[in-house]
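Working notes for the structure below.
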Amino acid sequence: MSDIIIPDFAVVPRHVGVIMDGNGRWAKKRGLERTKGHIEGAKKFREIGEFAADCGVKCVTFYAFSTENWSRPKAEVDAIMALFADYLTEAIDRVEEDLKKGIRIRFFGDKDGVDPRLHALMDEVEDLTRGNDRIMLNLAVNYGGRQEITRAARELAREFAEGKISEDAINEQAISDRLYSAGLPDPDLIIRPSGEQRLSNFLIWQAAYSEFWYSDVLWPDFSKEDFLEALKAYEKRSRRFGNV
Ligand code: IPE
Ligand code: IPE
Ligand code: MG
């Protein structure tokens, strides 16, 4: 369990989205290479994911690398991909620990677009943790909301062409069912640190009625206390979903 006191929340989001932003600025502020910021940021994924489980959250989706992030300098992209590979290798080594903690890890995004070795590691981590159900941690890697919706549209077109579905069957649920998040509740709360207030192509379909929480803290500095602040703010929100 956690070392800090978790309040007895009246309501806890079922699904939280986290845009892990600000690694580069964190490093720059310290006169370090941007890569060092990514190394520090990567450590937070586990800490905050496990803490979310302690808070009673069932699912967290972390935005780690977007389809647009490939446009960064090659050296930075290579360093981030190498970090993912290290992280996944380590995750496989300590899978026993994850099994005990009930952590299931999944990936959102186009796996075919990443290095085949990384793709294989992603599949392995997903397979090894598949049976866990205390918390689901989704890591969005090579993920873009528009790519995700386009992929769903293409899948529907294929099923229609093959005569598996009728035109009438193409409704909102049919699209949701073909997204990486199929079967999960939409994110109730989306957290973005680093001072930016935008989605940057994150869960754009699923975020239709999400609550947003922003903070100026840079992701490598993001703490459990910050996560609690976001949950406290969420508890006070009045969600109306278009109703009165
Ligand atoms: C987020 O931090 C990590 C990735 C997008 C891969 P950034 O690298 O975007 O950090 P800033 O926004 O430049 O500070
Ligand atoms: C969003 O951050 C993507 C991730 C955190 C993975 P960016 O740093 O890429 O977003 P922009 O460019 O500031 O919108
Ligand atoms: Mg950024």
Query raised in the report: From the square roots a ≥ b ≥ c of the eigenvalues of the alpha-carbon gyration tensor of segment 112-244, which class results: rounded (a/c under 1.5), prolate (a/b over b/c), or oblate?
Result: oblate
Query raised in the report: Okay, helix-only estimate at 222 nm for the chain: each DSSP H run of n ≥ 4 adds -39500 (n - 2.57), divide by all residues, round to 500 deg cm²/dmol; what do you get?
Result: -13500 deg cm²/dmol
Query raised in the report: In a GNM of the chain with a 10 Å cut-off on Cα contacts, which of Arg104, Arg117, Arg130 has the highest mean-square fluctuation?
Result: Arg117
Query - Pair-distance profile P(r), taking every C-alpha pair of the chain, with 10 angstrom steps and integer % - result: 7, 30, 37, 21, 6, 1
Query raised in the report: In Å², what does the accessible area per residue of segment 34-147 work out to with a 1.4 Å probe?
Result: 44 Å²
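Net charge near Leu199, counting Lys/Arg +1 and Asp/Glu -1 over other residues with Cβ under 14 Å of its Cβ?
Values: positive: Arg146, Arg192, Arg198; negative: Asp21, Glu68, Glu148, Asp186, Glu196, Glu211.
Here the count lands on -3.
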Query raised in the report: So which of Lys29/Lys236; Lys29/Lys58; Lys58/Lys111; Lys58/Lys164; Lys44/Lys100; Lys43/Lys232 end up more than 30 Å apart by C-alpha?
Result: Lys29/Lys236; Lys29/Lys58; Lys58/Lys164
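Assign unit charges at the C-beta atoms only (+1 for Lys and Arg, -1 for Asp and Glu), then state the dipole size of segment 19-235 relative to its Cα centre in Debye, rounded to the nearest 20.
Numbers: 31 positive and 41 negative charges, 121 e Å.
Here segment 19-235 has a charge dipole of around 580 debye.
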Query raised in the report: For the pair Arg146 and Asn171, how long in nm is the line joining their label points, each one 7 Å along Cα→Cβ?
Result: 2.9 nm
Report task. Taking each pair of different alpha-carbon atoms in segment 1-84 once, compute 1/r for the pair, average those values, and report the inverse of that mean as the Kirkwood hydrodynamic radius in Å to one decimal. Result -> 14.5 Å
Requested in this report: Calculate, in nm to one decimal, what Phe160 and Trp205 gain on full extension: separation in residues at 0.36 nm each, minus their alpha carbon distance.
Outcome: 14.0 nm
Query raised in the report: Size of the dipole of segment 1-139 about the Cα centre, Lys and Arg at +1 and Asp and Glu at -1 on the beta carbon, nothing else charged, in debye to 20?
Result: 520 debye
Report summary line: Restricting to Cα pairs under 8 Å and 6 or more apart, the percent relative contact order of segment 5-54 works out to 23 percent
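The values are calculated or read from the model by the stated rules, or taken from the named source; none is laboratory data. All values derive from a computational prediction rather than experimental measurement. Counting neighbours? That spans all protein chains shown, and the Cβs are built from the backbone with ideal geometry, glycine included. Ligands, DNA and RNA are excluded from the accessible area calculation, which covers all protein heavy atoms including side chains. Shrake-Rupley method; radii C 1.70, N 1.55, O 1.52, S 1.80 Å.
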